[in-house]
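Data first, discussion second: the structure below is written as C-alpha cells.
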Amino acid sequence: MYNFPHYLDKLNTELTKEGLEPMSKRLVQHYVHSGVIPKPQRKGRFSYYDDQHIATAVQLRQHQKMGLPS
C-alpha cells in the first residue's frame, strides 16, 4: 500500500520504464473521480493505493499510446 505521494512516484517510475508519459497528480485524481481507476482505501484523511491501481494506470497510458480510448 502506498500513500498518494509514494503512489505517484512509483506509478511514474513504472510508466517511464515502459516508455510512457508520466501522469500528473490532477490526472490521477480525475481518473479516480471519474471511476476509471478504482477508489483507493481511505484511513482518515489519507488515501492508500496498491499495485492494482498502478497496473490500471499503466494500462491506461498504454491504450492512449496505441490510440485507443481510455
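Of the listed requirements (1) in a helix (DSSP H, G or I); (2) open to solvent by less than 70 Å² (accessible area, probe 1.4 Å), P5 misses just one: (2). Evaluate region 31-51: report whether one residue or more is open to solvent by less than 100 Å² (accessible area, probe 1.4 Å), in a helix (DSSP H, G or I) and within 18 Å of P69 (Cα to Cα). Checking region 31-51: at least one residue is open to solvent by less than 100 Å² (accessible area, probe 1.4 Å), in a helix (DSSP H, G or I) and within 18 Å of P69 (Cα to Cα).
The values are calculated or read from the model by the stated rules, or taken from the named source; none is laboratory data. Everything quoted here is computed from the prediction, not taken from an experiment. Surface areas here come from the heavy atoms of the whole protein model, side chains and all, with no ligands, DNA or RNA. Shrake-Rupley method; radii C 1.70, N 1.55, O 1.52, S 1.80 Å.
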